[in-house]
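For reference, the structure discussed in these notes is given below.
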Amino acid sequence: MLEQLFGSATRVKLLRLFFSNPDQPYFVRELTRKLDQRINSIRQELKNLEQIGIVEQVDKNRKKYYTLRKDFPLYSELKSLMLKAQLMLEKDFVTSIEKIGQVRYLALTGIFMGRKEATTDMLVVGKVNRLKLKRLLHKFQEYFDKDINYTVMTTKEFEFRRELTDRFLYDVLENKKVVVIDKLPKPKKKK
């Protein structure tokens, strides 16, 4: 969608990366590796973005780095647009996951919530075709430009681990997350 709006897939990938890491400076070769794009394409789009004023070049240790300009007049609007585009993709992502099996619980955490230290980014509970899930995640990892660490459990395993107060499971349940699907029975109260 954004590629049509901005006219260049490389430009969109650059903007997405810069806005997801607004304080991070990048050098050209790093961008070519991260975004899996040709160096000339990256250079051309950086030149375009620099002329517009969205990014600026900073020299550090005899290397040219590019960083996002937070004082750019449309910074907030572009950031909002990138976030909304990501949310639309996440909605498609969730819809696709629902189709790969009988998902009883789905929680997005980790990279979806800005928690880089999380042990998993997604918890899927239910009867799921793992091969289809792996293929689906591969497709979406390209968009997020990050590996999505996921955990799949059967409903029985989830309930067992919840009953044991499993550290890993409670790290997911007690921290910042978005619960997208919750068709699990509520835990029984202990007497």
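A short reminder: the numbers here are calculations on the coordinates, not readings from a lab. Worth saying up front: this structure is predicted, and the values here are computed from it rather than measured. We place every Cβ from the backbone using ideal geometry, glycine too, and count neighbours over all the protein chains shown.
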Inset, instruction - First select every other residue whose beta carbon is under 12 angstrom from the beta carbon of Val178; then total the charges, Lys and Arg +1, Asp and Glu -1. - result: +1
Inset, instruction - Compute the relative contact order of the chain as a whole-number percentage, counting only Cα pairs closer than 8 Å that sit 6 or more residues apart in sequence. - result: 17
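Taking the DSSP beta bridges in segment 102-174 as the whole, what percent of them are antiparallel, to the nearest 5? Kindly include the intermediate steps, with their values, before the conclusion.
Working: 6 of 10 bridges.
In segment 102-174, DSSP labels about 60 percent of beta bridges as antiparallel.
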Legend entry - Cα-based equivalent ellipsoid of segment 88-182: semi-axis lengths in Å, sorted from largest, via gyration tensor: 20, 16, 11
Inset, instruction - Beyond 28 Å between alpha-carbons counts as too far, so tell me which of Lys79/Lys146; Lys34/Lys156; Lys13/Lys183; Lys84/Lys116 fall in that bin. - result: Lys34/Lys156; Lys13/Lys183
Legend entry - the chain, helix-only ellipticity at 222 nm - DSSP H runs n ≥ 4, -39,500 (n - 2.57), divided by all residues, nearest 500: -15500 deg cm²/dmol
Inset, instruction - Quick one: compute the contact order of segment 2-73, relative version, from alpha carbon pairs under 8 angstrom and 6+ residues apart, as a percent. - result: 31
Inset, instruction - Rounded to whole Å and sorted largest first, list the principal axis extents of the Cα atoms in the chain. - result: 65, 30, 28
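Just to confirm the filter: which trypsin sites (Lys or Arg not before Pro) across segment 13-52 are DSSP coil and have at most 16 other Cβ within 10 angstrom of their Cβ? The partial results should precede the final answer.
On the way: sites: Lys13, Arg16, Arg29, Arg33, Lys34, Arg38, Arg43, Lys47; in loops: Arg38.
When the trypsin sites (Lys or Arg not before Pro) of segment 13-52 are filtered for loop state and at most 16 Cβ neighbours within 10 Å, Arg38 remain.
Where the only charges are on Cβ atoms (+1 Lys, Arg; -1 Asp, Glu), what is the dipole of segment 40-138 about its Cα centre, to the nearest 20 debye? Present the calculation step by step, with values, prior to reporting the outcome.
Working: 20 positive and 11 negative charges, 95 e Å.
Using Cβ point charges on Lys, Arg, Asp and Glu, segment 40-138 gives about 460 debye.
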Inset, instruction - Report the charge-dipole magnitude of the chain in Debye, nearest 20, computed about the Cα centre from +1 at each Lys and Arg Cβ and -1 at each Asp and Glu Cβ. - result: 620
Legend entry - Convex hull volume of segment 2-73 per residue (C-alpha atoms, cubic angstrom): 90
Inset, instruction - Would you work out which of Leu131, Ile111, Pro22 lies farthest towards the positive end of the dipole of the chain? Charges go on Cβ: Lys and Arg +1, Asp and Glu -1. - result: Leu131
Inset, instruction - Please list, in chain and number order, the residues 5+ apart from Tyr66 or on another chain whose amide H is under 5 Å from its amide H, with Hs placed from the backbone. - result: Tyr26, Phe27, Val58
Inset, instruction - Give the dimensionless ratio obtained when the Cα radius of gyration of segment 53-117 is divided by 2.2 N^0.38 Å. - result: 1.67
